[in-house]
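Q: Dumping the structure here so I can ask a few things about it.
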Amino acid sequence: MPSINQVIETIKRCQIHHPSYVGMINGRPGEGKSDACFQIAEAQNIPANRIKRVPLMNFDVVDLTGVPSVEDGMTVFNPTKAFYDYREGTGAGAIILEELAQSSGHHQTWAAGFCLDRETPIFKLDPQVRILATGNRAQDKSGAKPLYAHLNNRIKHYDIETSLDDWCGWAMDNGVDALLIAFLRLRPELLNDFDANRRSNPTQRSWTELSLQTPTDLPTDMYLMACEAAVGEGAAAEWVAARDMMKKMPSIDAIRLKPDTMEIPKEAAVKFAVATALSMSSSSTSFPRDMLYVDRMPKEFQMVYVTDALRLNPDMQQTKEFIDWAIKNKDIFMGA
């Protein structure tokens with residue numbers, strides 16, 4: 001099963017080749033389907049104000065088709081704002097049909113015609129408008145149901161698989177706490193441990209919201225309660241305990257002052273925290289000193305640092321420090 005990044009790249013290329021290509025991303029709740037659709041559109045240089053998210057179940061079908069009225073004895077359809085801004089002549093855009101698998105039969109019938117003909121009773125979509133869709137799986141008890149066969153035949157289905165590397169890369173670009181990223185590297189099975197029988201679940205969405213919405217300076221008991229509310233008791237307890245341990249990691253500035261003598265932490269959680277914090281603050285100036293320190297760590301933590309630092313600063317692949325390291329570790333680096 002492909003990762004989110006693989007699906008994003010595939011749909012993007014198909015839509016660049018043919019804008020009428022309709023891709024649908026299926027997966028568990030909180031797995032990043034909506035964000036993936038936005039990334040697909042943004043990767044095609046579609047401006048944010050031309051990307052429209054349409055939660056289908058929030059609309060009556062008449063809202064999508066156009067509200068009828070009678071003029072000169074004939075029924076006419078008055079376009080609603082939902083799609084009128086994407087009519088012929090308005091230029092490139094993207095429409096994301098959210099929760100298609102949860103929608104009613106009437107919505108599915110409408111979507112089948114809309115995805116095929118790319119028009120409403122009043123106007124056609126601009127040829128450069130892309131259509132995307134998302135849906136949850138039936139086993140996740142989110143109201144998903146089988147799609148009509150003719151609708152299935154008019155869209156391209158992609159089932160996604162959780163990818164720790166994809167999420168970590170996204171999280172580093174979107175302000176997620178470095179310690180939380182390090183923790184989920186330590187406990188990757190908690191990144192998307194969705195169970196429909198639990199009220200709160202550790203998912204990509206809930207971890208991200210926990211990091212961005214919860215003050216880190218709350219008293220420990222309050223912070224634990226907030227974590228339990230977001231990701232459930234078990235995951236919250238593990239995260240809070242690991243966070244307390246990670247806070248004991250040596251100062252990043254101290255590491256860079258004495259990279260060849262600063263002590264390497266013994267605990268795996270702290271090693272992940274150090275490698276992640278170093279990579280997220282790496283620069284062309286710090287890279288040589290970082291590599292002196294990182295080269296003394298076990299291989300898996302070297303890979304964490306190098307992979308993330310190069311993703312954030314691709315030019316560092318040309319440095320002597322990286323080339324020397326890559327030659328010495330070609331067995332694991334080329335394998336990764």
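Q: Can you report the number of residues in segment 75-91 which are at pLDDT below 95 and of a type in the set (Gly, Ala, Ser)?
A: 1
Q: Looking at segment 175-193, which of its residues are farther than 14 Å from residue 242 by Cα, within 16 Å of the chain's Cα centre (by Cα) and of a type outside the set (Gly, Ala, Ser)?
A: In the first step, residues of segment 175-193 are kept if they are farther than 14 Å from residue 242 by Cα; the result is 175-176, 189, 191-193.
Filter once more, so that each one left must be within 16 Å of the chain's Cα centre (by Cα): 175-176, 191-193.
If the condition is that a residue be farther than 14 Å from residue 242 by Cα, within 16 Å of the chain's Cα centre (by Cα) and of a type outside the set (Gly, Ala, Ser), then 176, 191, 192, 193 are the ones that fit.
Q: Please work out if residue 324 is surrounded by fewer than 17 Cβ atoms within 10 Å (Cβ to Cβ), over 28 Å from the mean Cα position of the chain (by Cα) and either in a helix (DSSP H, G or I) or without any contact (Cβ under 8 Å) to a residue 60 or more places away in the chain (or both).
A: yes
Q: Let me ask something else about it. Filter segment 121-155 down to the residues that are in contact with a Lys or Arg (Cβ under 9 Å, 6 or more places away or on another chain) and β-branched (Val, Ile, Thr), then identify the one that is modelled with the lowest pLDDT.
A: Ranking the qualifying residues of segment 121-155, first place goes to 122.
Q: Let me ask something else about it. What number goes with the only condition from (1) in contact (Cβ under 8 Å) with a residue 24 or more places away in the chain; (2) surrounded by fewer than 19 Cβ atoms within 10 Å (Cβ to Cβ) that residue 71 does not pass?
A: Of everything listed in (1) in contact (Cβ under 8 Å) with a residue 24 or more places away in the chain; (2) surrounded by fewer than 19 Cβ atoms within 10 Å (Cβ to Cβ), residue 71 misses just condition (1).
Q: Return the residue satisfying two criteria in turn: it lies in segment 224-269 and is assigned to a helix (DSSP H, G or I) and of a type in the set (Val, Ile, Thr), and of such residues it is nearest to residue 201 (Cα to Cα).
A: Looking at residues that are assigned to a helix (DSSP H, G or I) and of a type in the set (Val, Ile, Thr), I get 231.
Q: Mind checking which residues of segment 270-310 are part of a helix (DSSP H, G or I) and among the basic types (Lys, Arg)? Write out each step before concluding.
A: Of segment 270-310, the ones part of a helix (DSSP H, G or I) are 270-280, 287-294, 299-310.
Correct list: 271, 289, 299.
Q: Within segment 178-211, count every residue that is free of Cβ contacts under 8 Å to residues at least 12 places away in the same chain and in a helix (DSSP H, G or I).
A: Counting residues in segment 178-211 that are free of Cβ contacts under 8 Å to residues at least 12 places away in the same chain and in a helix (DSSP H, G or I) gives 1.
Q: If you don't mind, another one. For segment 1-13, give me each residue that is touching a residue at least 60 places away in the same chain (Cβ under 8 Å) and either surrounded by 17 or more Cβ atoms within 10 Å (Cβ to Cβ) or assigned to a strand (DSSP E or B) (or both).
A: Hits for segment 1-13 are 3, 4, 5, 7, 11.
Q: Inside segment 202-237, can you point out the residues that are basic (Lys, Arg) and touching a Leu at 6+ places or on another chain (Cβ under 8 Å)?
A: Matches in segment 202-237: none.
Q: Any residue that is closer than 13 Å to residue 7 by Cα and among the charged types (D, E, K, R) - is there at least one of those in segment 42-52?
A: Residues of segment 42-52 that are closer than 13 Å to residue 7 by Cα, as a first pass: 43.
Now drop any that are not among the charged types (D, E, K, R), which leaves none.
No, segment 42-52 has no match at all.
Q: Those residues that are at pLDDT 95 or above and under 30 Å from residue 283 (Cα atoms), I need them from segment 217-239; list them, please.
A: 239
Q: A further question follows. For segment 159-170, indicate whether the set of residues that are touching a residue at least 60 places away in the same chain (Cβ under 8 Å), surrounded by fewer than 14 Cβ atoms within 10 Å (Cβ to Cβ) and not in a loop (DSSP other than H, G, I, E, B) is non-empty.
A: Looking for residues that are touching a residue at least 60 places away in the same chain (Cβ under 8 Å), surrounded by fewer than 14 Cβ atoms within 10 Å (Cβ to Cβ) and not in a loop (DSSP other than H, G, I, E, B), one finds at least one in segment 159-170, hence yes.
Results for (1) more than 30 Å from residue 223 (Cα to Cα); (2) of a type in the set (Asp, Glu); (3) touching a Lys or Arg at 6+ places or on another chain (Cβ under 9 Å), shown as yes or no for each residue.
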residue: 245; (1), (2), (3): no, no, no
residue: 250; (1), (2), (3): no, no, no
residue: 257; (1), (2), (3): yes, no, yes
residue: 266; (1), (2), (3): no, no, no
residue: 284; (1), (2), (3): yes, no, no
residue: 306; (1), (2), (3): yes, no, no
residue: 311; (1), (2), (3): yes, no, no
residue: 317; (1), (2), (3): yes, no, no
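Q: Within segment 92-108, can one find any residue that is more than 22 Å from residue 152 (Cα to Cα), at pLDDT 90 or above and either among the β-branched types (Val, Ile, Thr) or within 29 Å of the chain's Cα centre (by Cα) (or both)?
A: Scanning segment 92-108 turns up at least one residue that is more than 22 Å from residue 152 (Cα to Cα), at pLDDT 90 or above and either among the β-branched types (Val, Ile, Thr) or within 29 Å of the chain's Cα centre (by Cα) (or both).
The values are calculated or read from the model by the stated rules, or taken from the named source; none is laboratory data. Because the structure is a prediction, the values reported are computed rather than measured. All Cβ positions, glycine included, derive from the backbone under ideal geometry; neighbour counts span all protein chains shown.
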